[in-house]
Amino acid sequence: MNPRSPGKLPGHVTVSNIARTQFSRNPKIVRLVNKFKNPPNKDVGEGINTAFEAMEKLRLKKPFFSETDSGLMVVLTHESLASPEQLVLEYLAANVEVTNQQARELTGIKSENTMKNVFYRLRDAEQIEQTPKVVGKKFSWRLPV
């Protein structure tokens, strides 16, 4: 889906900071929406954040924004992210080891136990192994030596 929004991005907003900043292009609409009993957006600039969060929950790739001469284009690909296993293996192809916390940040998995199960599946398939435990260091995983 390629929705287009007429007009440039407002104020200090750019395609690179659009998910981290807020600015209302039309404060009149914001005020009107906030008069509803249960407004869909409580504050200025929540629409983009809502889209990012919804797509993350569905494990879809993030929206892509580009600015054209006549406005803003948003591309929603509806493509699934790689599986957690694939993401871990891709990370280990470029890095020596990965911890549970790093892998959760990488995959979007919130639960330590769920991430541990991903590691166990990869271990059982002999695609990764646990790094030898070093005192004071967190457990980590690596590609087989």
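Take every Cα pair under 8 Å whose residues are at least 6 apart in sequence, average their separation, divide by the length of the chain, and the relative contact order is 20 percent. Under a 5 Å amide H cut-off, with hydrogens placed 1.01 Å from N, LEU72 pairs with SER5, GLY7 among residues at least 5 apart or on other chains. Relative intensity of the chain on a log10 scale, I(q)/I(0) at q = 0.11, 0.21, 0.22 Å⁻¹, equals -0.61, -1.23, -1.31, per a Debye sum over C-alpha point scatterers of equal strength in the absence of solvent.
Give the accessible surface of region 41-145 per residue, rounded to a whole number of Å², with probe radius 1.4 Å and ligands, DNA and RNA excluded. Don't skip to the answer; put the middle values down first.
On the way: 6840 Å² over 105 residues.
With all protein chains present, region 41-145 gives 65 Å² per residue.
Residue by residue, region 13-22 carries 3J(HN,Hα) couplings of 6, 10, 5, 7, 10, 4, 7, 10, 10, 10 Hz when phi is fed to the Karplus relation 6.51 cos²θ - 1.76 cosθ + 1.60 (θ = phi - 60°); x denotes Gly or Pro.
Distance between the modelled labels on LYS61 and PHE36, one decimal in nanometres: 3.1 nm (7 Å Cα→Cβ projection). Which of LYS28/LYS57; LYS61/LYS110; LYS57/LYS137 have a Cα-Cα distance over 20 Å? Distance filter (> 20 Å) returns LYS28/LYS57; LYS57/LYS137. With helices as the sole contributors, the chain gives -10500 deg cm²/dmol at 222 nm; each DSSP H run of n ≥ 4 counts as -39500 (n - 2.57), and the sum is divided by every residue.
Taking only protein heavy atoms and a 1.4 Å probe, the accessible area of the chain is 55% carbon and sulfur. Distance between the pseudo-spin-label points of THR14 and ASP69 (7 Å out from Cα toward the beta carbon): 2.2 nm. Other residues within the sphere of radius under 12 Å centred on the Cβ of LEU92, judged by their own Cβ, net out at -3 (K and R +1, D and E -1). Summing charges over all other residues whose Cβ lies under 13 Å from the Cβ of ARG123, with Lys and Arg as +1 and Asp and Glu as -1, gives -1.
The values are calculated or read from the model by the stated rules, or taken from the named source; none is laboratory data. What you are looking at is a predicted structure, and each value in this text was computed from that prediction instead of being measured. Because the Cβ atoms are built from the backbone with ideal geometry, glycine has one as well, and the counts that use them run over all protein chains shown. Surface accessibility is based on the protein's heavy atoms, side chains included, excluding ligands, DNA and RNA. Shrake-Rupley method; radii C 1.70, N 1.55, O 1.52, S 1.80 Å.
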